[in-house]
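**Student:** A single structure is presented below for examination.
The values are calculated or read from the model by the stated rules, or taken from the named source; none is laboratory data. None of these values were measured; they are calculated from a predicted model. Cβ sites come from the backbone with ideal geometry, for glycine too, and all protein chains shown count toward neighbours. Surface areas here come from the heavy atoms of the whole protein model, side chains and all, with no ligands, DNA or RNA. Shrake-Rupley method; radii C 1.70, N 1.55, O 1.52, S 1.80 Å.
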Amino acid sequence: MKNTKFSDMSTEELIKNQKTLKTVNTIFAVVLFMLFALNIFIVFMKGFSAMNVVPIALLPILFLNLSNLKEIKKELESRK
């Protein structure tokens with residue numbers, strides 16, 4: 001996402017970004033959940049490895065995207 005402020009964007013751009021971000025977050029959350037489940041399975045079968053840290057390292061990306069989504073929603077509400 002660009003480094004523009006949400007207040008500088010038009011309403012149409014905000015709605016477009018909101019829809020895109022919702023879709024990306026949903027897909028990312030599903031993939032991250034599957035990665036967690038796969039890692040749990042691998043830990044029980046082969047033991048712990050350094051690759052088991054990857055889902056934990058990717059989790060902040062989901063939280064940042066959710067935070068941006070909340071900011072967009074707040075900006076859209078303030079414009080109504």
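**Student:** Can you tell me which residue in segment 12-33 is nearest to ILE61 (Cα to Cα), limited to those that are surrounded by fewer than 16 Cβ atoms within 10 Å (Cβ to Cβ) and in contact (Cβ under 8 Å) with a residue 40 or more places away in the chain?
**Tutor:** VAL24
**Student:** Let me ask something additional. Take THR4 and decide whether it is exposed (fewer than 12 other Cβ atoms within 10 Å of the Cβ), in a helix (DSSP H, G or I) and not basic (Lys, Arg).
**Tutor:** Against the criterion (exposed (fewer than 12 other Cβ atoms within 10 Å of the Cβ), in a helix (DSSP H, G or I) and not basic (Lys, Arg)), THR4 does not qualify.
Yes/no per residue for (1) out of contact with any Leu (no Cβ under 9 Å at 6 or more places or on another chain); (2) at pLDDT below 95:
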site: MET1; (1), (2): no, yes
site: LYS5; (1), (2): yes, yes
site: MET9; (1), (2): yes, yes
site: LYS19; (1), (2): yes, no
site: VAL24; (1), (2): yes, no
site: ILE27; (1), (2): yes, no
site: ASN39; (1), (2): yes, yes
site: LYS46; (1), (2): yes, yes
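**Student:** Let me ask you something else. Of these, LEU58, LEU64, which one is surrounded by 14 or more Cβ atoms within 10 Å (Cβ to Cβ), of a type outside the set (Val, Ile, Thr) and in a helix (DSSP H, G or I)? Talk me through it step by step, then tell me what you get.
**Tutor:** Details: LEU64 fails: surrounded by 14 or more Cβ atoms within 10 Å (Cβ to Cβ).
Result of the check over LEU58, LEU64: LEU58.
**Student:** Now for a different question. Report, ordered by the first and then the second residue, all pairs with beta carbons closer than 8 Å, sequence separation of six or more or different chains, a first member in segment 58-77 that is in contact (Cβ under 8 Å) with a residue 60 or more places away in the chain, and a second member that is part of a helix (DSSP H, G or I) and of a type in the set (S, T, N, Q).
**Tutor:** As it stands, the answer is ILE72/ASN17; ILE72/GLN18; GLU75/SER7; LEU76/THR11; LEU76/GLN18, since those pairs meet every condition given.
**Student:** Another question, then. Kindly provide the set of residues from segment 34-55 that are of a type outside the set (A, V, I, L, M, F, W, C) and open to solvent by 100 Å² or more (accessible area, probe 1.4 Å), ordered by number. Spell out how you get there, then give the answer.
**Tutor:** First, pick out the residues of segment 34-55 that are of a type outside the set (A, V, I, L, M, F, W, C): 39, 46-47, 49, 52, 55.
Answer for segment 34-55, where residues must be of a type outside the set (A, V, I, L, M, F, W, C) and open to solvent by 100 Å² or more (accessible area, probe 1.4 Å): just LYS46.
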